[in-house]
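Colleague: Once you've had a glance at the structure underneath, I'll fire off some questions.
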Amino acid sequence: MIEYLYDGSFPGLLTAVYQTLAEKNTDWNICRASEFQPDLFSQTQIVVINNDWVGKLVASLACKLSKPALLDIYYCFLSEERGIEKLISVFISKATQYPGTQFEKNCGDKTVLEIQKISSRVSYEIHRFQGFVRFRQMKDGIYYAPVEPNYNIISLLAPHFTARFADQQWLIHDLRRGKGIFYDGDKCSPVRLSEIQPEALRRCPPVLSGMENSVFAAAEPELQHLWNDYFQAVAIPERHNKKLQRQHMPSRYWKHLVEQVEE
Amino acid sequence: MDLNDKLKILAAAAKYDASCASSGSNRVNRNKGLGNATTAPMGICHSWAADGRCVSLLKILFSNYCTNDCAYCVNRSSNDIPRSSFSVREIIDLTISFYRRNYIEGLFLSSGVLKNADYTMELMLQVVKKLRQEENFNGYIHLKVIPGASQRLINEAGFYVDRLSVNIELPSERGLKLLAPQKQKDDILKPMSYIGTQITVNAEERQKFRKALHFVPAGQSTQLIVGATSETDLQILKLSEQLYRRVNLKRVYYSAYVPIAHNNPFLPALSAPPFRRENRLYQADWLLRFYGFQSEEILLPDQPFLEADLDPKTGWALRNLHRFPLEVNKVDYHSLLRIPGIGQKSAQRIIAARRFGSLTFSDLARLGVVLKRARYFITCSGRFLENVDNETAIRQRLLPKTVPKLPEASNPQLPLFFEPADTPLTLHYH
């Protein structure tokens, strides 16, 4: 078995896929170099990003697949799920070998179905976080939101929040991956958070949970209380249904909300 | 009274309005302002309250003082509850601060009637205009029309907000007379058809002049209370159908009547709100809007209530067994939509996937078809999954085995009301 080891970037993955298609080995796998665990029986090959190959592959895919299907591939990559590289490259190889176009419509095919399933999970999480991101206003005026999404999605939240909060500086911080997106009032760019943010910002639970709140703007504690009061007041007691609440908003998302969701 | 208490009172007073949509607008962020009401086809829910309903807008009343005494309403003038009113500034500040923190998609503003309809409407309009003009706020705004407000105010509001709505609440004129004696039928229906007409007129204007302002880009909606008066489901669905087809309505919300007044002889004594009935009505509503059904197909005059234990589409299919089974690999999209267990998404997937080869039952299961229901109504390349073809047998298999989970207040077919129900509201064009 040949293990293609890539750097974890999307161009890296596409280079690896191109290589597997060109070399036509039967027994192979693609794996992030950082996650690779060597065993006795496999050969390894380090993938070096080749922009020519990436360009060729993308151009041929663009003829074969619709735009949403290309996006599906990228979403699947962002899922970072185990074995996703293999699934993506099998899908790409099937799509390029299919004589017609729009292979992605073949929902009878297991690979297609699996790609769609994972992609829709990722896009569902993007949709959820458009709602679940909670900004806290900090002393310096920046609106700061800590998040811990399952998938690597914060770059895809950027257009949504840039269009919405054009007149305020904000920062969304993926605590799990140590990276963020920062909008400086003009444009949005990715940042590595350990470099630019003081330690106090890195863990920032809502005021309500009793954290010492010297890092927040003066109005922040009161607003968080107002929001929590509002949140508690809108529930209709006769319709009490915690199961339904949990179904829409699983408990793993509660940690960084400002409102207090009760068990 | 401090702001926290006000907010608690005026949010709790608004909570019985079921409307929560924040989708369908095309308002974009202009001049680097705050907010953007164009979202993906779906709106965005920001949280879910302990009753499982989503929180997407700051849903509040301007005031819960009210001159009206509608029996079903928690804010009726004779009810002894704490009362309060916001100032215009307070609502603006709350909306902006909540929005900046991504708590909400925008504002839902309703109110009890202060002095008279126009006075109240003017105050609400002030909030909306200031948000748009002074704060450059481009988030979503849903404004309630106070029944009886003048057309001038409604028309002006329509150019600042994303959605307008007038709540019908009671689906028949008799119900209104009985429980909301100060409300006139025309106070409710006239503004609705006025808004409907304005939407049409505005659409034509915008075709001619590219820069013409958009009148209520997210359309109008309404709410019907279910179970406070004696209307049948058929009457309710017929009303909804008219509203969708004739006054350009985007959504009808159904709200199970939560017994809040315990001493009114005209109100039914329910042990629990009719949640299951509300749920079935929503299913039937979806059939009207997205599945090409007519209200007469869903319910028959001699059976005017939806079945509690079966969804309305399955009910229709069982009454029309002669149309089945349908061959999944052949029939068109609209026929697929009529099969119980197949929704819009799975129908679209079936159409796309069968171009690549005929589908089997296990393919269908993977595409998301609910075979538990669909199996009695389809064939795959001529093959059946079930040999049952009579209504009683299928019904028996589909009915829930256990006792229904949701408590039902009473069987809707028992006469709760002794006077005959009158005709439902009808709409007239100007």
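The values are calculated or read from the model by the stated rules, or taken from the named source; none is laboratory data. This structure is a prediction, so every number in the text was calculated from the model and none was measured. All Cβ positions, glycine included, derive from the backbone under ideal geometry; neighbour counts span all protein chains shown.
Colleague: Looking at region A:192-214, which of the residues that are at pLDDT 60 or above and either among the aromatic types (Phe, Trp, Tyr) or surrounded by fewer than 17 Cβ atoms within 10 Å (Cβ to Cβ) (or both) is nearest to the chain's Cα centre (by Cα)?
Modeller: The selected residue is A:Arg192.
Colleague: Select the strands (runs of 3 or more DSSP E) contained entirely in region A:1-97, then report the ones holding at least 1 residues which are of a type outside the set (Lys, Arg) and loosely packed, with under 15 Cβ neighbours inside 10 Å.
Modeller: A:43-46
Colleague: If you don't mind, another one. Between residues in region B:92-106 that are within 7 Å of chain A (Cβ to nearest Cβ) and closer than 13 Å to A:Phe132 by Cα and residues that are surrounded by fewer than 22 Cβ atoms within 10 Å (Cβ to Cβ) and among the small types (Gly, Ala, Ser), which pairs lie under 7 Å by C-beta distance while being six or more apart or on different chains?
Modeller: Listed by first residue and then by second, the contacts come to nothing, as the list is empty.
Colleague: Quick check on this structure: which one of B:Ile91, B:Ile81, B:Ile96, B:Ile104 is at pLDDT 95 or above, surrounded by fewer than 18 Cβ atoms within 10 Å (Cβ to Cβ) and among the aliphatic types (A, V, I, L, M)?
Modeller: Selected residue: B:Ile96, the only one of B:Ile91, B:Ile81, B:Ile96, B:Ile104 that is at pLDDT 95 or above, surrounded by fewer than 18 Cβ atoms within 10 Å (Cβ to Cβ) and among the aliphatic types (A, V, I, L, M).
Colleague: Looking only at region A:228-263, which residues are within 27 Å of the chain's Cα centre (by Cα), assigned to a helix (DSSP H, G or I) and within 7 Å of another protein chain (Cβ to nearest Cβ)?
Modeller: A:Leu244, A:Gln245, A:His248
Colleague: Here's another thing I want to ask about it. Could you list, in sequence order, all residues of region B:16-25 that are more than 9 Å from chain A (Cβ to nearest Cβ) and either on the phi < 0 side of the Ramachandran plot or free of Cβ contacts under 8 Å to residues at least 40 places away in the same chain (or both)?
Modeller: Selection gives B:Asp17, B:Ala18, B:Ser19, B:Cys20, B:Ala21, B:Ser22, B:Ser23, B:Ser25.
Colleague: Still on this structure: When you scan region B:351-359, do you find a residue that is within 14 Å of another protein chain (Cβ to nearest Cβ), surrounded by fewer than 17 Cβ atoms within 10 Å (Cβ to Cβ) and part of a loop (DSSP other than H, G, I, E, B), even just one?
Modeller: yes
Colleague: Return the residues of region B:31-78 that are within 7 Å of another protein chain (Cβ to nearest Cβ), more than 18 Å from the chain's Cα centre (by Cα), on the phi > 0 side of the Ramachandran plot and surrounded by fewer than 20 Cβ atoms within 10 Å (Cβ to Cβ); say none if nothing qualifies.
Modeller: Of everything in region B:31-78, just one residue is within 7 Å of another protein chain (Cβ to nearest Cβ), more than 18 Å from the chain's Cα centre (by Cα), on the phi > 0 side of the Ramachandran plot and surrounded by fewer than 20 Cβ atoms within 10 Å (Cβ to Cβ), namely B:Lys32.
Colleague: Report yes if some residue within region A:149-160 is in a loop (DSSP other than H, G, I, E, B), free of Cβ contacts under 8 Å to residues at least 12 places away in the same chain and either away from every other protein chain (no Cβ under 14 Å) or crowded, with 22+ Cβ neighbours inside 10 Å (or both); otherwise report no.
Modeller: no
Colleague: While we're here: Are any of the residues in region B:163-182 farther than 25 Å from B:Asn29 by Cβ, hydroxyl-bearing (Ser, Thr, Tyr) and assigned to a helix (DSSP H, G or I)?
Modeller: So far as region B:163-182 goes, no, none of its residues is farther than 25 Å from B:Asn29 by Cβ, hydroxyl-bearing (Ser, Thr, Tyr) and assigned to a helix (DSSP H, G or I).
Colleague: Moving on to the next point. Of the conditions (1) within 14 Å of another protein chain (Cβ to nearest Cβ); (2) out of contact with any strand residue (DSSP E or B) (no Cβ under 6 Å at 6 or more places or on another chain), B:Asn264 clears all except one; give me its number.
Modeller: (1)
Colleague: Select, from B:Pro273, B:Pro259, the only residue that is part of a loop (DSSP other than H, G, I, E, B), within 14 Å of another protein chain (Cβ to nearest Cβ) and either modelled with pLDDT of 90 or more or surrounded by 21 or more Cβ atoms within 10 Å (Cβ to Cβ) (or both).
Modeller: Just a single option satisfies the conditions, and that option is B:Pro273.
Colleague: When region B:3-15 is examined, which residues are found to be facing chain A (nearest Cβ under 7 Å) and part of a loop (DSSP other than H, G, I, E, B)?
Modeller: Matches in region B:3-15: B:Lys15 only.
Colleague: Considering B:Leu287, B:Leu267, B:Leu281, B:Leu237, which residue is in a loop (DSSP other than H, G, I, E, B), on the phi < 0 side of the Ramachandran plot and not assigned by TED's automatic domain parsing to the domain that holds B:Arg53?
Modeller: Residue meeting the stated conditions: B:Leu267.
Colleague: Does region B:114-126 hold any residues that are crowded, with 24+ Cβ neighbours inside 10 Å and either touching a helix residue (DSSP H, G or I) at 6+ places or on another chain (Cβ under 8 Å) or closer than 20 Å to B:Leu57 by Cα (or both), and which are they?
Modeller: Selection gives B:Met121, B:Met124.
Colleague: List the number of the failed condition for B:Val28; all other conditions in (1) facing chain A (nearest Cβ under 7 Å); (2) surrounded by fewer than 22 Cβ atoms within 10 Å (Cβ to Cβ) hold.
Modeller: It is condition (1) that B:Val28 fails.
Colleague: When you scan region A:122-131, do you find a residue that is out of contact with any helix residue (DSSP H, G or I) (no Cβ under 8 Å at 6 or more places or on another chain), closer than 26 Å to B:Asn36 by Cα, more than 9 Å from every other protein chain (Cβ to nearest Cβ) and assigned to a helix (DSSP H, G or I), even just one?
Modeller: Within region A:122-131 (the criterion being out of contact with any helix residue (DSSP H, G or I) (no Cβ under 8 Å at 6 or more places or on another chain), closer than 26 Å to B:Asn36 by Cα, more than 9 Å from every other protein chain (Cβ to nearest Cβ) and assigned to a helix (DSSP H, G or I)), the answer is yes, since at least one residue qualifies.
Colleague: Does A:Glu104 meet the test of being modelled with pLDDT under 95 and closer than 19 Å to A:Arg32 by Cβ?
Modeller: No, not satisfied.
Colleague: Considering only region B:363-400, how many residues are under 34 Å from the mean Cα position of the chain (by Cα), within 14 Å of another protein chain (Cβ to nearest Cβ) and not charged (D, E, K, R)?
Modeller: 5
Colleague: Using the structure shown, decide if A:Arg176 is more than 8 Å from every other protein chain (Cβ to nearest Cβ) and part of a helix (DSSP H, G or I).
Modeller: no
Colleague: How many residues are surrounded by fewer than 19 Cβ atoms within 10 Å (Cβ to Cβ) and part of a loop (DSSP other than H, G, I, E, B) if we restrict to region B:127-142?
Modeller: 3
Colleague: Being more than 14 Å from chain A (Cβ to nearest Cβ) and touching a strand residue (DSSP E or B) at 6+ places or on another chain (Cβ under 9 Å) narrows it down to one residue among B:Leu281, B:Leu306, B:Leu300; which is it?
Modeller: B:Leu281
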